[in-house]
Structures are given as structure tokens and as C-alpha cells.
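Here the structure is laid out as C-alpha cells; the discussion comes afterwards.
Values quoted throughout were computed directly from the atomic coordinates according to the rules given, and no laboratory measurement underlies them. Model, not experiment: these values are computed from the prediction. As a convention, Cβ positions derive from the backbone with ideal geometry for all residues, glycine included, and neighbour counts pool all protein chains shown.
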Amino acid sequence: MNRSTPTDSKVSLDAESTLGDPAVMIMQPYQLYIERIDATKNMARYYAMSIEPTLFGQACLVRRWGRIGASGQKLVHYFQHEQEAVDLFLTLLRRKRSRGYGLKLRSSQTVIA
């Protein structure tokens, strides 16, 4: 015999959930991987960025950089709104492109455009 008390399925135990709110979700994926290679200077660097959602519905910009083949470093920026993360993403992209970073096409080619 089941002795548990009946539950009322119309009463939610959660506070107002934002899971269904489209303004909270990341609207489109932002990911970037660029490299800067200069054999004369023994330089082989990478820089990666992505905008990802947090568990709390915020946007975070994840930055990773270092020498190619090494684990490198990581820095995470948290934002209330996705547009703030996109603005920083684009600012950092422009800065890296001006310093000679480019998209990697094949195993040995890097494009700087």
C-alpha cells in the first residue's frame, strides 16, 4: 500500500524558469581558432575563442591561447547579455588579426586576410 501523500502537479517547486525564454539562449554559435606561425622567430602560437551559455542563462566568452601543441592558458569572461560577449569577441578578433594571426586551412598553411 502506498502511504505517500498526494502531490499537486499544478504547483511548481521552481522559481520562474528562464529555460523557455529565447532571449537567454545563445542565438548562434561563435567559435574561432587562429594561428600565428613564423619559423624565423621560432613562433608557433594559437588563439581560440568561443561564446557559450552558462548554467544560469548568461553568456560567457572563453579564450584559450598558447604555443601550438601545448595546453596553453584559459580565461573566461561572463556577461549578462550575449551582445556584450559578441562585442568583446569581435574586438579581440580585430586585435589578433592586426598582429598577424590568421585562419588555419591545412596542416601547414595559415591565411592572413
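Remarks
- In the stretch 71-89, residue farthest from the chain's Cα centre (by Cα) [restricted to those that are exposed (fewer than 12 other Cβ atoms within 10 Å of the Cβ) and free of Cβ contacts under 8 Å to residues at least 12 places away in the same chain]: S71
- Members of the stretch 56-80 found to be farther than 19 Å from R45 by Cα, in contact with a strand residue (DSSP E or B) (Cβ under 7 Å, 6 or more places away or on another chain) and not hydrophobic (A, V, I, L, M, F, W, C), listed by number: Q58, H77, Y78
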